[in-house]
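Encoded as structure tokens, the structure appears first; notes follow it.
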Amino acid sequence: MSYDINNVFAKILRGEIPCTKVFEDQHVLAFNDINPKAPIHILVIPKRAYTCFEDFTKNAPDLEISAYFKSLSTLIETLKIPSGYRLVMNKGPHSGQIVFHFHTHILAGKPLGELVCA
Ligand code: AMP
């Protein structure tokens, strides 16, 4: 799949759509999900254009991959979440991915239930 430069996260990165920013550095932007599924629901995205986890890990330079995961880790540390969290990366139709700019969901703040609905 080719990257659609008009996806919603690309628009957020260009400042065309607002977001509630929670973290930003050279490589990464993190903001609150517009339709939160838990009291803490943050999306962490690389600033460059990748459609999904596979695209990111295959095609991003090592420096960017490492910076992404280190920033994700730093952000989680900063949040000081007492009772744990879940990280989700959706890829493709069976996962329910709707935005085709690679992102990680951070979900926390309540018991999150089963990993997958039956
Ligand atoms: P996914 O199913 O992994 O592609 O999830 C995409 C997420 O992006 C969903 O949880 C949406 O609620 C969220 N989302 C869509 N548009 C926006 C937006 N403008 N600002 C923040 N989050 C958004």
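The values are calculated or read from the model by the stated rules, or taken from the named source; none is laboratory data. In this text the structure is predicted, and so the values were computed from the model without any measurement. For neighbour counting, all protein chains shown are included, and Cβ atoms are generated from backbone atoms with ideal geometry for every residue, glycine included.
Picking from Ile40, Ile34, Ile17, Ile12, which residue would you name as being out of contact with any helix residue (DSSP H, G or I) (no Cβ under 6 Å at 6 or more places or on another chain), of a type in the set (Val, Ile, Thr) and surrounded by fewer than 15 Cβ atoms within 10 Å (Cβ to Cβ)?
Ile34
Here is a list: Ile45, Ile5, Ile12. Which entry is within 11 Å of the ligand (Cβ to nearest atom), modelled with pLDDT of 95 or more and either among the aromatic types (Phe, Trp, Tyr) or not in a helix (DSSP H, G or I) (or both)?
Just a single option satisfies the conditions, and that option is Ile45.
Can we say Lys58 is within 16 Å of the ligand (Cβ to nearest atom) and either in contact with a strand residue (DSSP E or B) (Cβ under 6 Å, 6 or more places away or on another chain) or not in a strand (DSSP E or B) (or both)?
So Lys58 fails the test.
So Val22 fits all but one of (1) near the ligand (Cβ under 10 Å from one of its atoms); (2) out of contact with any His (no Cβ under 8 Å at 6 or more places or on another chain); what number is the exception?
(1)
Can you tell me which residue in region 32-42 is farthest from the ligand (Cβ to nearest atom), limited to those that are assigned to a loop (DSSP other than H, G, I, E, B) and not basic (Lys, Arg)?
Pro39
I'd like the residue in region 63-94 that is free of Cβ contacts under 8 Å to residues at least 12 places away in the same chain and surrounded by fewer than 12 Cβ atoms within 10 Å (Cβ to Cβ) and, out of all such residues, is farthest from the chain's Cα centre (by Cα).
Across region 63-94, the extreme among qualifying residues is Pro82.
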